Structures are given as structure tokens and as C-alpha cells.
Amino acid sequence: MTIEKIDLDLCTGCGICIDSCPMDVIRMDRAGQKAVIRYPQECMNCEQCALDCPEEAVTVTPYKTVPLISSWG
Amino acid sequence: MIECDVLVIGGGMAGWFAAIKAREQGLNVLLADKGYVSKSGETIYAGDTAVFDPDAGNDLAAWLEQVDVIGEYMNNRHWNELVFRDSRERLADLRSYGVQFEEKDGRVVRLPHPHANIVLPDTHKFPPTVSEVVHWLPGFPEKVRKHLIKIGVKLKDRFMVTELLLQDGRVAGAIGFSIEGNRVEVIKAKAVVMSAGGGGFRPVGYPTHELTADGHAMAYRAGATITSKEFVSPHSTNPKDPAWPPMYLFFSAGHSAAQPGMYSAPHLFNAEGDEVAARGVAWHGWIDAEYEAHEGRAPLIADLGKRGVLPVSGPGGHGSMFGHATGGIVPVNDDCATEVPGLYAAGDSCGTCFIGANYSGFGFATAHAAATGARAGLGAAAEAKGLGADGGIDEKAVAAATARLLEPLERKGGFTPNWVTQVLQNTLAPYFVLYVKHGDRLQAALSTVEFLRDHIAPKLYARDDHELRLAHETKNMILNAEMKVRSSLARTESRGTHYREDFPGRNDEEWLAWMRLKQEDGRMVTFKQPIPAEWRPDAAKSYEERYPMRLPNEVPGSGAPNAAGEGR
Amino acid sequence: MSRGTSQVRRSFEADVLVVGGGLAGCTAAIKARQTGASVILVDKGFAGKSGQTPFAGSYCVFNPEWGDDLDAWMEQVSSIGESVNDRVWTELCFRESYERYLELLSWGVRFGADGDARAGVEPQRDGPPVGPCKAAMMETRAPSMTLRRQVLKHGATIVDRTMIVELLTSGGQVVGAAGIPADAEDAVDIFTAKAVVLAAGAGGFRPGRWPIDNLTSDADCMAYRVGAEITGKEFADPHHARLDQAASVMFGRYGRDPEGGGPPRGRFLDSDGHPLPPMGVLDLDLDRAVHAGHGPLFIEMPDGVRWPMVGGAAGGMSVHKAEGIRPAGTDCSCNVAGLYAAGDSLGTMQSGATYAAIGQSVLGCSVTGAHAGAGAAAYAARAGGPAHPAGADVERAAEAITAPLRRSGGFGPRWVTQMLQNTVLPYYVLHIKHGDRLRAALANVEFFRDHLVPKLYATDQHELRLVHETRNMVLNAEMRLRASLFRTETRGCHYREDFPVRDDGQWLAWVILRRAGDGMELFKRPVSAEHRPLTAGGVQ
């Protein structure tokens, strides 16, 4: 669904994808070395992260799973 | 056209017994199921059945008292007694069909009611339970299937009945289709037993996923009266595996170490770390959990003892399958005949009001299904025998029913059943619609359901036989939704699993009555059926004695609140 | 479970605070700076890459030297916008479009099919076949960084990844704002400013799809809470997507290559294979076809490939330049002193009851951004010394903003958002409307507002953002439903099944919403007499 993967072998930790994301989906890892997908639920599939990543480390697909409904949560 | 004496629709416990008992009368019996008999319905997920046995020391008065108190006087004592008295024979029947039970020294092991041994906080005294259950061993549905075939019941698997056919005001058969190949067939029958279960709004997981209140919907359309749709059975699940069987949570603390053969129920804690007022632990449908969420104290967690803790989320669109053996088609006699001549009802399709406003005893649903199934089978057989030469079914009526059945396939476009089901779930699944209810929200839901009924349902389309089934199930769910919402709106009090935020108290003066509904001039009307005076709670008893279980937000010891909730 | 009060607090001060870093916000910041005012631009994402601007592809530009006829262009907008466009703003935008276009060129934004447009030379322009208005093709995405660089070059300060949640007022005028930074836990940012420009876009109900998913009507809601007039909430802009790529709205809708841009190429077919009118009243015709039972719809590409479609892709978005904070004058001020708005946050009604000309949205952002920036700076200059919000007010705001972090439980923002979506996203609520269904949805939304929103809780700063966005979406839903109920006629993108015709006698008017105590007040404000169509007066 939507943002699928950040290839950590390719990621240089530049942080561009974090700036590219209007939804705060991506954050730096604790060590501040690599970008990680923190809040995938909020991904809106705009692909700005993938298009902006200089290393082509981010994979985004146009498929999104609709959350199952629950009576509260 | 297929002809038979007795057509049984739905092959769970009730349908099995109906088919077997009718067949034993020497009749030509056809059992149709939209799934595969022995893999379909809720029976196969049940682990036990209640058996009343005076020889084992069971006291009928005590058993009835249990149902009265937990069922909050919405139970039908006459049916309670019939089912309890029948239960020993039904157990013997099942054994004779080859079903194996947990036995010791050649005798079936009787186990006390699981809740009898659960220790609850002092402030939440649970009414005493006296009913007992027996456990069957795995593989029992297959055993019954074999028996059905052996004695000559004709099975029609993967055949969905969509409509009852009437001739001169009486049921003369049904029409349906094979869900592979959408072959339409008319089944002519002298009597029909409806035992297609209850239904919810297609929750994520089993066991109610396949049950879409088909029996209630078909009978309603044929003119039957339906009862007690306002009571619900919200089974919570967990957000990690929402499709996991909701039963998991009920017993998930495992078998009790102290009491071999007994279950432990999990303790439930709210976000503030307080134990949720365990009015009835898991058993009473988790209205407590729903109310905790409503009050802003979710997320909840279940403490499973050795198995750790599990987050709890609301029912995944169970959308209230109702309590078993309460709501359904109203029977008019002990043979489970209904107001529609030729139509009998059994099991969860049959609205005996057996269990009342709460699920009042483990194993009651299966005991009720067995008893009503056997009675309906015998009643239908007797009626079929009494009928002379076959009457026909009007060809025009058959043609019209066929057209209605196939209409979704004829349409090139419109709305897909999956989308409509989703919209229906969105409308009804949130806790604040059918669990923590309020007139304004019920009215809002009703507006949407009416729109779905009038505008969307007629435009449902199906691209293949699989979607044809879905289209008809969706129509039935929309009708079921209307029944549940209208009944919930009409009952202006709170009782058992029916909780109205705007009428938060019980109201014995107005509401010791069953809520019925039926079709009149094409419209759904609701009306009250008073409960016989002799079955009402003893007015000499204090409110707390009559109602030992607290409603949400009801302060113990505060006396009887009135229905408007004043004095709280 | 409650946390301590070790709240992180940052403070900022400027003459002008601009909220939102799309084209409108960036332009406003630059224009305010050009007058000498100190400017802070704050964005809940990354200024430049946030909002809808990165996805824009065309800019409506009017130039008599290229043979454009102002009367004809005005007529197109009035006709398609069904006479409820504000002709003052429509004309102003056209007249200033070339100047703004030259400025964008000078900043480095690239126009024309080859991206090589030069000042004075007509770039390749496109327009729908319905009228004379034309738009220059604009490079997508790249202007984001171009604009950001210009903002910085002009000396404005940029604060990224802070969501402004509330406006701060003193003596009835706006004197700053409070927000939450994404990257610090339990943190609040306080901004003090003499004037505030809201340029935070419009919003939908988080359909899960770009380009609208991050926009939650934050500006309208903040402004509403301090008493501003809001307009145009009844007009909906239904978008559609390909069923198999439902999260990819624009691709599905236009069948265009996401890399290549360009105009729509596909055509719509109903379930019988009959073509549907191309882009009648936006995509509302598609919803009507579905309502009549002619779904599923397909988009057919020139090569014959057909994709099934789904609706609701924009999730309740309204029409660009037809909703927002109603301006009190061409300086983009409103009825609340010190508050300005620009872009999709400003309800100029430049477009009217539907989207009347391609490229009008970007044009409106550019023009209103310039006006708002200049207007706010002028107001700040007149204001003299800094007016600070009262300390107690700041504390109250900070406490209220972060309260969801201190609740141990309640309702999660994602779940409440889902409930809201379930209530308002089906086509038959805000696209094909009916009084009964609108009232049913309103009953739910009122319950969300009164019972669920006060119990929203957040487990971290990310969820705190979601909480405030959800709260804004609930308010936006109430506005949309009430405005839709109020306008008892059909016009443009507002379609009432129970009032299916236009009623010029009653409804050559704008619906204005305003907070009145705890309630929402609605009234209509007539389109000025000289701007009405000659046939006005009867039911059409």
C-alpha cells in the first residue's frame, strides 16, 4: 500500500524525503542516520518522496488498503 | 421444479433436527443451504449445549429464575420450559446420530455454567447461574451430515433461497439459485421450515460473516411478524487481528487451572487503568466495553492472565448480530408454526424470545435450536401429511419471483453489493448507532437505511453468480438494518443489551413487552406485545433484586431509575 | 498516565505571519517583505512542497496583446460559474494575471509546453472548448523549490513542520497564532504578529489521496472560530479515480501520465458503454450517472483501454476559488481585524458555482497572495507597536492545544476521521444532495462535534496533528452540510435532488456562515444587482 519501502542500503540519510512529505509519514531513525517509514497510515500516495529522493531509495505504489471498520477504536 | 413434502432452509442445528424429524415421519424432505451442510451456519463453532436433567439434580424453577434475571424478563418462560424439558431427548438424539460427547465412565460429562466460578469485584455481583452444559467432540457436524444422508434427507448444498412462494395465502415452496452456475430452481413444498440463522452486517471474521438475516427477511416479506430486533450481541475483537473469532476474547484467558474444564474470562481494563465494571464479563455482549469507549476511556485491554494482554477494539461490523434465540419470526404454537400458513421457524430464525434481553446461559442457543428444530420438523410434517393432493404454484407468481431473483444479473450497472454493504456497515457498525443508542443517531441511521432501501437496493447489480448471492444478501441486510433501527427507536427505555443514552433506565411500567414488527401496506410498523402478567418480576422485590445487573452508568444502590434517567 | 508540564515552548515574532507555504502563501510572504515588513512563513509540511501547488499544472493568463477579449473571458466565468461568481474578483484576477505571470517568470518558474516561455512571447496555452479563457502550461512540482528560494531570498523566515492550530486575539483583533511543531514532543510554538495571512488552502475529508489529503480546512476553521465570515461551502468538487489505483486521483481522472502532465485525454463511459459529457459541471455529471444506476463508470483511453472508476477521490474538496474566508475588500482583509487570507483559503468567489476556467485556481493564488501580502503589511505598518496576546490567553491556548496528549484515552483521531468519512463521503451526501440525507449526516456530525471531538486523544506529537486536523474536518463537515441545507436550489456544483432547479429569484446570492456564540449562523448575501444576469428574477 502506498509507501512501501525505503531501501536502507541506498538511503544516505539526507532527509529530503522527510521535507517532501506533506503528511509526516517519514522520520529519521533514532540515530539520525536513515529515513524510516513511521506513519504509513497517513501516506496519500503523492510520490513526492520517491520523485525527490536522489538515491531512488523510496518505493511508492498506487495501491492503498482501506482500514477495516470497527465500532470504536 | 423440485417437489418435496417439507423444505428446510438452512442446515445448522435447527435445520438438522427439522429435517431428521420430518424425514422420520416418512416424508420427502429437502434441506437447502447456501453453504455446505455441516460447514455452514453458527452451529459448527459452538462447543457445547445446555442440557436440563432432573435426574442430575437440576431444578427447573432455578433454571427459569436464571433466565428471568439475566434475560431481564424479556424471556418467554413457556419456551424456556419447553426447551429445557426437550433438551435431554435432543441430547439422546444427537448421540444416536453418532455425535460424540465428552464422556466419563460411559456417561456424558455435565459441566457447571462457566460463569458460576468467576470471581467478580464485590460491586459487581453477578447473578447466580445454575444451568449446565455438555461438550461435544470435534467432527460432530460431519457425523450429522452422514446421518442425514443415511436416513434419506435430500441435501441441496450451495443453493441460496431468495424468496418464499405463496399460493392462496399459504407457503407453497420457495425459489432460489445454485450459487455456481446461477441455475434458478423452484422448490415446491407442502410446508417450509425456516432455519437460516440470525445475521449481522457482515463483520470481518466468522462466525456470523455468512449470516445475513435471510430467514427473517424472507419471512417478513411473506407477512410474518418479527420480534425483539433491538437486542444486540456486540462481540469485541482486537485491532491486530480483527478477523480473529470474537470468541477468542471470551475465553482467552484459557481453561481455569483451579477448576478443570472451566473457562477463565479475561479481565478488562480501561485507559485509566481501572477494571471495567464487569456486569456480566464477556458474556453480556460487552455493552460495558462499548460504554467505556463512549465515555472516552478507550483504548481497553484484556488481561489474559498467562497469555499476556491484548488490546480490544469494537466489534468489526458485527453490527449486532442479535443475541441468539431471542429475535426472529414469531411462532404461534409449540410446533413453531408462524402466522404465515405453511411456514415454520426454528433456531435463530425463530423468535421465541427464549433467552431474553441478554444471553442468559451458555449452550442455550444450541439447545434452543435443537428443540425448536425438532418441533418445527414434526409440526411441518404433520401439516404436510394433512394436506391432500398438491396444489400448484401460480406460473405468473413464479415468473415474477424469477425476475426478481435474476434482476441484479440483468442490470448492466448500478451499485455493487460490496460497496452497498460497506456503506451499510459504515452506517451501522459505529458503536454509537446500535450499541450506545440515541434517538437522534438512530433517526439519522434510519434516513440512510431508507435511502439505501428505496434508491440503492433496486439498483444492485451482479456480474456473476457469486455477486448474485451478495446482492441478495445485501438486500436482506438492508431490511435487517431497518428492523434493528426501528425496534431500537421504538423501545424508549434501556434493558439488557439494549441501551438508550436518551432513555438510560429500565421502565417496567411501559416496557415489560416485546417489540414486534411487521409489514402493513408495504410499510414496516412496530407494535408492543405485553408480557403475560404472571411472568413479570415480583413487584415486592427491590429493584436491585429484580435487576442485579447494572446498566451502564447506573449507580448500584441508587434505587430504580426512571426511564428518563432522572435522579442520577 | 498524565504527563508532566515540561512543555517545550518556542516563541516567534514578526510584523506579518503567513500560514501556509503554497503559491499564495509564498507570494504573500514575498510581497509583505517587499514593503519592508518582517515576515514569518509557517507551514505544517515543508514550505513550497506543501499544499496543492506542487501538483498544479496550468496558469490562466490574460493578455490583450495576445488577442484576449476581457468581456468574452468574463462571460465564460459568469456563464459556467452560473452567475454567482464575484465579478470584481474575476476581473481583478484576469487584469493582474499577466503582471503575476511575468513575476513568476522572473522568479524562475517555467511555463509553456517546453518550459521555455519568455516575457512578451505567448506561451502555448490551452483551454476547454467551452469558452475563450486560456491557461499557460506550468511546470509541476519544480516551482515548489523555486518559490521557496524566492521567499528566503526576500528575507522572510520559514518555519517548517509546524501546524498552526489557533489564532490568538487581543481586543477583537488577531495578534498571532499558536501551533504545534512535528518534531518535538509536547511542544507548542507561539507566534506574535501584527497581521496574519491565512494561506493554508482549502480541504477535504482526508480521502487518502493526493493532492488533497494534507489539507483539512485549517484556515477556514481557525478563522471561523475567531468570528470570520465563511462562504461557498455548498459547492463540491467531486473527483474520481481509477478503481485499481484508487489512491492516485489525478492519474485516474485524466488518464494522464503523472510525469508528463498535460490535458485530459480519456473519455468517460457509463455501464452501457455510452459516453458521458466530458467535464460538464466538473465531475458532478458522473455522480449523477451513478445515482441513476448507470455505474460502474469507465475511463476509456484513446487506445481503447478501459479502466473502471471510483468516486470520492477528492474527499469533499470544494471548488477552488469558490469557498473560504469571505474578503471584506481587495486587500484580502476580512471582518476580523488583523486577519487576511489568500489562495484557496480566501472565498473570493472568483470562479462561482463551479470551476469556470482552467488555470483559474493558480491565478487566484498568485493574485490574492500578492494582495494579501501587501494588505497585511500595510495593516502591520498602521498598527504601530506590537500588540501582544495576553499571557493568560497564550497559556490557555497552549493548554487547550496539547490537552489531547494528556488524555489517557478516548477516541483516536484516525478512527474519528474514518467515522466522519463514512458519514460524508458517500456520493449521496455532499454530491447528490437531499435534505433528508443532509440532516441525517448533520445529526452524526453534531454528535462527533459534541461527544467525540472533546475526547480525542493523541499518543504523540504526530497524532496531535491528526487530532487538530480531525477537529477541523468535523467543523468543515458541519459547515458544508449546513450550507448545503441552506441553499434550497440547484446551481453549479451544488445539486439538490429535492430542489433540482436553479432559483435566480432567491439564490443569486452567496451563503455566508458565521459563528454566533456556540452556534453557527447562516445568511445569504445577494450578488450585486449589476452583476446579475439579464434574465434574473424567475425560476429557470
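We did not get these values from a lab; they are worked out from the coordinates using the rules stated. Values in this document were obtained by computation on a predicted structure and should not be read as measured data. Here the Cβ positions follow ideal geometry from the backbone for every residue, glycine too, while neighbour counts run over all protein chains shown.
Applying Stokes-Einstein at 4 °C and 1.567 mPa s to the Kirkwood radius of region B:426-537, computed over alpha-carbon pairs, gives a translational diffusion coefficient of 83 µm² s⁻¹. Looking at chain B, send over the antiparallel percent of its DSSP beta bridges, to the nearest 5. Once the DSSP bridges in chain B are tallied, antiparallel ones form about 70 percent. Here chain B was treated as a single set of alpha-carbon atoms; its pair distances binned every 20 Å from 0 give 22, 58, 20, 0 percent. Projecting the alpha carbon convex hull of region A:3-60 along each direction and taking the average yields 3.2 nm².
Peptide packing: for C:163-174, C:145-156, the average count of neighbouring Cβ atoms within 10 Å per residue gives the ranking C:163-174, C:145-156, highest mean first. Taking every residue in C:156-165 and counting other chain Cβ atoms within 10 Å of its Cβ, the average works out to 1. Of all beta bridges that DSSP places with both ends in the protein assembly as shown, some 70 percent have antiparallel geometry. Computed from the C-beta positions of residue B:502 and residue B:543 and an R0 of 22 Å, the FRET efficiency is 0.60 to the nearest 0.05. Kirkwood-type hydrodynamic radius, the protein assembly as shown: 32.2 Å, calculated from all non-identical alpha-carbon pairs.
Run the quick spin-label model on residue B:536 and residue B:36: label points 7 Å from Cα toward the beta carbon, then report their separation in nm to one decimal. So the label points at residue B:536 and residue B:36 sit 5.3 nm apart.
Packing order of peptides C:524-530, C:471-477, C:70-76, highest average first: C:471-477, C:70-76, C:524-530 (average count of other Cβ atoms within 10 Å over each peptide's residues).
What average number of partner chain Cβ atoms lie no more than 10 Å from the Cβ of the residues making up C:293-304? Write down the numbers at each step before the final one.
Details: counts 11, 5, 8, 8, 1, 0, 0, 0, 0, 0, 0, 0.
Per-residue shielding by partner chains comes out at 3.
Across peptide B:421-434, the mean count of Cβ atoms from other chains lying within 10 Å of each residue's own Cβ comes to 5. Over region B:377-416, the ratio between the Cα radius of gyration and 2.2 N^0.38 Å evaluates to 1.93.
Using R0 = 25 Å, the C-beta based FRET efficiency linking residue C:524 and residue C:70 works out to 0.30. Computed over the alpha-carbon atoms, region C:43-89 gives an Rg to Rh ratio of 1.15, Rh here being the Kirkwood radius from the mean inverse distance. Normalising the average separation of contacting C-alpha pairs (under 8 angstrom, six or more residues apart) by the number of residues puts the relative contact order of chain C at 20 percent.
Straight-line cross-link partners of residue B:541 among the lysines, defined as a Cα under 20 Å from its Cα and at least 8 positions apart when in the same chain: B:125. Membrane-span-like helices in chain C, defined here as complete DSSP H runs extending at least 27 Å along the helix axis by their C-alpha atoms with mean Kyte-Doolittle hydropathy no lower than -0.5, are C:87-107, C:360-383, C:461-486; this is a sequence and geometry rule, not a statement about a membrane. Against the empirical curve 2.2 N^0.38 Å, the C-alpha radius of gyration of region C:21-67 lands at a ratio of 1.47. One compactness figure for chain C is 0.92, namely its Cα radius of gyration divided by 2.2 N^0.38 Å. Most simply put, chain C has about 65% antiparallel DSSP beta bridges, counting only bridges with both residues inside it.
Straight-line reach from residue B:104: taking Cα to Cα under 25 Å and skipping same-chain neighbours fewer than 8 places apart, the lysines in range are B:143. Projected onto planes of every orientation and averaged, the convex hull of the alpha-carbon atoms in region B:460-501 covers 3.8 nm². Check cross-link reach from residue B:39 to the aspartates and glutamates: straight Cα distance under 19 Å, and skip same-chain residues fewer than eight apart. Straight-distance partners of residue B:39: B:48, B:142, B:157, B:180, B:210, B:214, B:348, B:473.
Dividing the helix sum by the residues of the protein assembly as shown, where each DSSP H run of 4 or more adds -39500 (n - 2.57), gives a mean residue ellipticity at 222 nm of -9500 deg cm²/dmol.
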